[in-house]
Amino acid sequence: MANSANGSGSTQMTEQEMMTHLGNALDKMAHEVRICLFAGPDPDAVFSQAARQALKAFRQISSKIRLEEYAPDHQLSTEWQITAFPTMVFQPDRFAIRWNGAPVGEEGRSLVEMLFLLGFDNSNLSDQSRKMMADLDGPRNLKVFVSPTCPYCPQQSINAVKAAVERPDRVSLEIIDIQANPRLAEEYEAHSVPQTFADDVLIGKGAQSEELFIQSMIKYEEQRVFIPDIDAAEIETDLVIVGGGPAGLTAGIYAKRAGLETALVEKGMLGGQVATTPLVENYPGFTSVGGKSLVDIMVNHALEYVTIFQGEEVVAIKPGNAPDDPIEVTTSRRKFSTKAVLLATGANHRHLGVPGENRLSGRGVSYCATCDGPLFKGKKVLMVGGGNSAVTEALYLHHMGVEVTLVHRRNNLRAQDHLSKNLFETGIPVLWNTEIKEIRGEARVTSVVLTNTRSKEITEIPADGVFISIGYEPSVALARQIGVELTEEGYIRRDDRHRTNIPGIYSGGDVEGGYKQIVTAAGQGSEAAMAIFEDLINPYWKEAAAV
C-alpha cells in the first residue's frame, strides 16, 4: 500500500531496478553480442529512430552489447544486401539473423530473449527439438512476419531464433515487422501475424509450440500434432485442467492451494480471448488495463502454484470403467493419469459462414484487431458485430488510423452505453440492418457483398479487410468426445457444483455459457476447483450409489 502511494516515483524506481537487474544479467553472458544497425532516412526515420533508441538503451546497461550503426550507402549494406531500413544484423560472424523493423512493443520481449540466446550461444531447445535439428536435411531461409502489437509474435520469433542458433550452418532468419515493411507483407500476403515462411513456403499461421515449429520447418508444411520419438512420459496428478484462460488459470491457483497436484494444459496462448483484447475495463482492481497485461498478471500468479503445459493439445480423455478409476488424458506430447478433469476450454470466434471467409482468412479476413490492425493503417475495413468486443475493436482500429465502418445486422447496438457513445462521438460510420453475404478477392480481400435485412437490397463495396467480432461458440469437441451432456445452446450442462454427467469430469468458464465476462469466468474456475477438492475427499458418486 505504501509503495502505491508514492505514485510515479515508485514506478520509475521499479523500472530503474528492472533495467539494472537486466544489465547485470546481460553482463554475465559468455560472449559479446554484436549488433549492426542500418538506419535509413525519411520516410522510415520513425522506425529507424525507435530501433536506434532501443538498442542504445541495451548498450548503456551492459558492456556485452556492441552496437555499430551504418548508413544505407555503406559498403556493408551492399555486401550484405540490406534493402530495408531499419535492419538489425546480429552476430554476423557467427549467425545469419536479421531483423527488419524496430524491437518495440511486444517485440521488445523477443529482443531480450534473443540477446541471451546469442550471448550464451545456446539455443535452449528441448532434447526432442535438438534431435530433429540434428537431422535437418538442407538449408532453411526463415521469414517471420510480426507486429509490435501482437502478443503471439514473440513466441514464434524466438522459435525461429532458437533454430538459427542451433544450426547456424543451415538456418538463416529474417524477422519482419509488418508496420515497417508493409510492401513486403503485401508481397507475401501476410495479412495476419505471426506468419512464418521457410524458403518462401508458408509453414505456420499463428504461434506454435517449439517442437511443432521445428517439425513444420523441416517438413515445409504446418504441423499440428507433435509425437515424440520415444513414448510420452506418464504423469500422475490429482487434477488436469484443460484450458488456460481466466477460468483455467484461476482454478489452477485454487486447486493447488487446496492441496491438489494440478496440471494445466493449453494448446494455444495463455489467457484465451483476453490476450487479444485491446482494452479491458472495470476488471476488479483496474479501471482499465490492456488485455495482454492482465493475462501476464494472471499467468505469473498461476505459475507460483500450478504446472502449465503450454503448446500441448488434449486429443483424448478416457474416463475409467468405475468412478474411482483414474482418468487418462492424452495430449499431443504425453499422457496424464488423473483423479479429475476440469474442462475450461472456453469459446472460439464465431464465423459468419459466408463464401470467401475461410479462403481469405489471413488474407484480409481477421478475428483479432490487436494482432492484425497495424497492417491496415490508412486502408478501408469493415468491422462486423454490434457488441462490446466489436465496438471496442472498431475504436481501436479507428485510433490506429484505419478507415473502419461498423456493420451490424440490427438497428441498435448491444454494446454498453459508454462504448456506443464513444463510437458515435468518433464519427465511425455504422451500416445498420446490414449483413455480409460474401467476401470477395483472389489473393486478398478486395470487396464485400452486403444485403440490407429490411429492404433486401444487395450492394457490393470495396474493402481491404474484414474484421469479424460476432461472439463465440463454445469449444466442446472434447466434451462431446467423452459423452458430456450439452445444453440446447451447445454449452456444457452442469450442476451448481460444476459437475457434468460423468463422475470426475467438471467444467468452468465460457464453455458453460452465461455471462461472457472475465470476472465470471475466474469466479467459476475458483468454484469448480473448490468443488473438485471437496468431491475428491468425499466422492459424491459413492453417496449417490449408497442411496
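A few points about this structure:
- Stretched out straight at 0.36 nm per residue, the stretch from TYR188 to THR520 would grow longer than its current Cα-Cα span by 115.4 nm.
- Label-point gap, in nm, between TYR540 and TYR305 - each point 7 angstrom along Cα→Cβ: 2.1 nm
- Which of GLN416, GLN310, VAL289, positive extreme of dipole for the range 286-417 (C-beta unit charges): GLN416
- Förster-model FRET efficiency, 56 Å R0, ARG170 and ARG414, C-beta, rounded to 0.05: 0.60
- Gyration tensor (Cα) of the range 416-547, equivalent ellipsoid semi-axes in angstrom: 45, 19, 13
- All alpha carbon pair distances within the range 186-228 were sorted into 10 Å bins beginning at 0; the resulting P(r) in whole percents reads 32, 52, 15, 1.
- Ratio Rg/Rh, restricted to the range 33-137 and using Cα atoms, in which Rh is the Kirkwood radius: 1.01
- Efficiency of FRET between GLU438 and GLN53 - r from beta-carbon atoms, R0 41 angstrom, step 0.05: 0.35
- Within the same chain, lysines fewer than 8 places from LYS437 are excluded, and of the rest, those with a Cα less than 20 Å from its Cα are LYS380, LYS456.
- Among GLY373, PHE120, ILE235 - extreme Cα towards positive end, dipole of the chain, charges at beta-carbon: GLY373
- By average C-beta atoms within 10 angstrom, highest first, the peptides 145-155, 261-271: 145-155, 261-271
- Taking the inverse of the mean reciprocal distance over all distinct Cα pairs, the Kirkwood hydrodynamic radius of the range 365-470 comes to 13.6 Å.
- Sparsely packed loop sites in the range 321-376 (the chymotrypsin sites (Phe, Trp or Tyr not before Pro) outside DSSP H, G, I, E and B with at most 15 other Cβ atoms within 10 Å) do not occur.
- Cα-based Rg of the range 490-547 normalised by 2.2 N^0.38 Å, two decimals: 1.18
- P(r) for the range 26-219, from all Cα pairs and a bin width of 10 Å, is 9, 38, 39, 13, 0 %, short bins first.
- Rounded if a/c under 1.5, otherwise prolate or oblate - the range 249-319, Cα gyration tensor axes: oblate
- Kyte-Doolittle at least -1.0, axis length at least 27 Å by Cα - qualifying DSSP helices, the chain: 8-27, 518-537
- At an R0 of 25 angstrom, the distance between the Cβ atoms of VAL201 and LYS131 translates into a FRET efficiency of 0.65.
- Applying 0.36 nm per residue to the separation of ALA71 and GLU485 and subtracting their alpha-carbon distance, the gain on full extension is 142.5 nm.
- Selection from GLN195, ALA84, ILE35, by position along the positive dipole direction of the range 26-219 (Cβ): ILE35
- Taking 4.7 Å between beta carbons as the limit, the unpaired Cys residues of the chain are CYS36.
- Once C-alpha pairs closer than 8 Å and six or more residues apart are averaged by separation and normalised to the residue number of the chain, the relative contact order reads 11 percent.
- In the chain, helices alone account for a calculated mean residue ellipticity at 222 nm of -10000 deg cm²/dmol, with every DSSP H run of four or more residues adding -39,500 (n - 2.57).
- Overall form of the chain: oblate. Here a/c, set by the Cα gyration tensor axes a ≥ b ≥ c, is 1.5 or more, and a/b is not larger than b/c.
Rule-based calculations on the coordinates, nothing more; no lab input. Predicted, not measured: the structure shown is a model, and the values here were computed from it. Note that each Cβ is placed from the backbone with ideal geometry, even for glycine, and that neighbours are counted across all protein chains shown.
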